[in-house]
Amino acid sequence: MRVTPQGLYCEPGDFFVDPPRAVPRAVITHGHSDHARPDHGAVLATPETLAIMRARLGEDRAGRVQQALAPGEAITRNGVGIRLVPAGHVLGSAQVVLDWQGSRIVISGDYKRRRDPSCAAFEPVPCDVFVTEATFALPVFRHPPAEQEVARLLESVRLFPDRAHLIGVYALGKCQRLIRLLREAGWDRPIWLHGGLMALCALYEELGAKLGDLRPVPMERKRGASGQLAGEIVLAPSGAEATPWVRRLAEPVVCAASGWMRVRQRAKAKGVELPLIVSDHADWAELLQTAEEVQAPEIWVTHGREDALCHALAQRGVRGRALHLVGRGEEDEEPEAAPAAADGA
Ligand SMILES: [Zn+2]
Ligand SMILES: [Zn+2]
């Protein structure tokens, strides 16, 4: 396994894992755009990730040859054994387990250890080298239980019946997880969606995730008319609260669901009234727990706070190596600004 400008390259198997540019052969961990790029020759991924790639990139750009590998199945390419094992990040997300000449490397993509009712749970696989992200690799990042954050949201809905609650989410993963969590918490009213979220929710439903009654946010009735959906929960891509679209809603309480909501200044800067700390990435404790469980003597860190994580690993006798992969963390938990703000907090 080598790091090249095209990303992580498995030399004996002659394929890349999550390459940032089009390559002849790619194994893809999950459907976020910083991992699943268009126009590869051949793509190997879980059936769900392939479906997500076709939906987001278009049928003709999701890999000329698409090969589905379900968790539990194994194939061999040029003597390299390949398996995909659930990563608990979003629907279809998988770790890539590679066995070659008696040694094993596991590329985890993005992952979390918390329960997520919208996808399969992470399974630790003992290995010689574990490749991890480090998005939230600072001790300050300790995600509270997501159920607790959803309870805070529902309490706010109860307190402000005259206002709509608008939650900024990532379209792939966070949106559907939040909907499932709301359903589990007993919220059986319709959940209202910005148009930008409809397609992936429909795909999740098609792939077997039950999301309940979802409806598109209606058009503004007429200019200057009072907003709609008071007392209701509305989901939209982050940033929609700053567009004219938001005028459709009755005095919205602007919420955002992200691991970065731990950082107060960031929530404030984004005009978020009700920050919800809900992350699809491992927090500090989960990263260290995972390092311990996979028992790898060597851990490679793709992106994030690699300095802090490598330092903590060294104290535990594990060799850490920062890979500095470019283009990571761009879609699902954008890293800019926040880590500096979190220092010393
Ligand atoms: Zn991701
Ligand atoms: Zn990512």
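Each value in this text was obtained by applying a stated rule to the coordinates, not by laboratory testing. Note that the coordinates shown come from a computational prediction; the quantities given were computed from them, not determined experimentally. Neighbour counts run over all protein chains shown; Cβ positions are idealised from the backbone, glycine included.
Against the longest principal axis of the chain, how steep is helix 284-294, in degrees 0 to 90 to the nearest 10, with axes from Cα atoms?
So the inclination is approximately 30 degrees.
In degrees from 0 to 90, rounded to the nearest 10, what is the angle of the helix 174-184 Cα long axis to the longest principal axis of the chain?
60
What nm value, rounded to one decimal, do you get for the distance between ARG319 and ALA42 when each label is placed 7 Å out toward the C-beta?
For the pair ARG319/ALA42, the computed spacing is 3.2 nm.
When the chain is fully extended, how far beyond the present Cα-Cα distance does ILE75 get from ASP14, taking 0.36 nm per residue of separation?
That pair, ILE75 and ASP14, stretches by 20.5 nm at full extension.
Is there a quick way to get the dipole size of the range 146-276? I mean about its Cα centre, with the Cβ of Lys and Arg at +1 and of Asp and Glu at -1; what is the value in debye to the nearest 20?
The calculated dipole for the range 146-276 is roughly 400 debye.
Select from CYS201, THR243, ALA267 the residue farthest towards the positive end of the dipole of the range 195-287; place +1 on Cβ of Lys and Arg, -1 on Cβ of Asp and Glu, and compute about the Cα centre.
Most positive-ward Cα: THR243.
For helix 47-57, report the angle its Cα long axis makes with the longest principal axis of the Cα atoms of the chain; keep it between 0 and 90° and round to the nearest 10°.
Long axis of 47-57 versus the principal axis of the chain: about 60 degrees.
Pick from ALA120, ALA51, ALA185: which is most flexible by mean-square fluctuation in a GNM of the chain where alpha carbon atoms under 10 Å apart are linked?
ALA185
Tell me which aspartates and glutamates have Cα within less than 17 Å of LYS210's Cα, excluding those fewer than 8 residues away on the same chain?
Within the straight-line limit of under 17 Å, LYS210 reaches these aspartates and glutamates: GLU48, ASP116, GLU184, ASP188.
What is the distance in Å between the Cα centroid of the range 245-283 and that of the range 119-189?
12
Could you work out the helix-only [θ] at 222 nm for the chain, with each DSSP H run of four or more residues adding -39,500 (n - 2.57) and the total divided by the number of residues, to the nearest 500 deg cm²/dmol?
-7000 deg cm²/dmol, from helical runs alone.
Calculate the spin-label point distance for HIS311 paired with ALA225, positioning each point 7 Å from the Cα along the beta-carbon direction, and give it in nanometres.
Those two pseudo-labels are separated by 5.7 nm.
What is the local net charge at ALA146, summed over the other residues whose Cβ is closer than 14 Å to its Cβ (Lys, Arg +1; Asp, Glu -1)?
+4
Hey, what did the chain get for relative contact order, percent, Cα under 8 Å, at least 6 apart?
Normalised by residue count, the contact order of the chain is 17 percent.
Give me P(r) over the chain, computed from all C-alpha to C-alpha distances, binned every 20 Å, as integer percentages.
31, 56, 13, 0
Sorting ASP283, ASP34 on the 10 Å Cβ count, fewest up front, what's the list?
Exposure proxy ranking, most exposed first: ASP34, ASP283.
Compute the signed sum of charges (Lys and Arg +1, Asp and Glu -1) over the other residues within less than 10 Å, Cβ to Cβ, of CYS10.
Result for the neighbourhood of CYS10: +1.
Expressed as a whole percent, how much of the Cα-Cα distance distribution for the range 154-277 exceeds 25 Å?
In whole percent, the long-distance tail amounts to 19.
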